[in-house]
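Here is the structure we will look at.
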Amino acid sequence: MSEESVSEQTAVEPEVEAPPTTEPVTAEYILVALDSSRHSAAALAAAVELAAALHLELRGLFVEDIALVHLCGLPFGQEIGSFTATPRRLEQTHLEREFRIQATLLRKIMAEVAGKRRIAWSFQVVRGAVTDQVLAASVSAQMLSLGRVGRSPGKRTGSTAQAVARQTQRPVVLQSTNRKLAGPFTVVHTGTLAADNAVALAVRLADQDNSALTVLLFGKPTAGVLEQQLAAAAIEAHIHPVTDLRDLLIDLRGANVGTVILPVDVAAWLDEVHVTVIVVP
């Protein structure tokens, strides 16, 4: 791969008339949403591994949160110093400076990480509502990676991660600092189209990782077609019917579970799963 492939991509695409369709065109890239949190760094590491394994471009996105900008105009808007713990008025000039510092640092980190794996990459800064901007930027991506929790402490799954997982049009990886995106893989099949998509992705990832795959049948899906799908894959795969939700959640917390893949119809279980999770629409 040439040096241009690992440098920041800055070319501007020409304006063209959109085709008469409501379906987005899927590009060969994975989008990673970045901020200054440790979980975001883990999301970047997971995205790099996925980009390398699936031969995808890596695109980073940093959102300047418009809610913070609006807060600057309010008389009660304050921030707490990270070192002094002293409250001070939230000034827009200071916030703008912090945005620039964060974006510069994240761009540098992304260049270093992607460069080591010789992955083509780009980095974009936008301003707006965080969830809306992440969803908009991921419409044409193959996958999306973001931290399980952002900068708000005390949560198992952050509000942005929850919203993106429920509304996503693409598989989304939710990553924590103390976890890796690795096998063995466990996927839940609920009999929906999203569950079929989840199994297809799980098979692909297990094959790339040379890992085992466990499919948990929950509800009333039949195993016939699924058995044929897994038999055609060159991986170690097992199917286990589960009828009780409590038993299912215990299985998802098992010591041998590396990564859990959920169809979007059961995205509400996110807080019940402590390992890396991929939600699939």
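The values are calculated or read from the model by the stated rules, or taken from the named source; none is laboratory data. In this text, all values refer to a predicted model and were calculated from it rather than measured experimentally. Here the Cβ is made from the backbone with ideal geometry for all residues, glycine too, and neighbour counts use every protein chain on show.
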Residue that is at pLDDT below 95, in contact with a Leu (Cβ under 6 Å, 6 or more places away or on another chain) and farther than 16 Å from L262 by Cβ, where the choices are S152, S159, S138 | S138
Options S122, S159: the member that is over 24 Å from A206 (Cα atoms), over 15 Å from the mean Cα position of the chain (by Cα) and not charged (D, E, K, R) | S122
Among strands (runs of 3 or more DSSP E) entirely inside the stretch 1-115, those with 1 or more residues being out of contact with any Ser or Thr (no Cβ under 9 Å at 6 or more places or on another chain), aromatic (F, W, Y) and at pLDDT 95 or above are 57-65
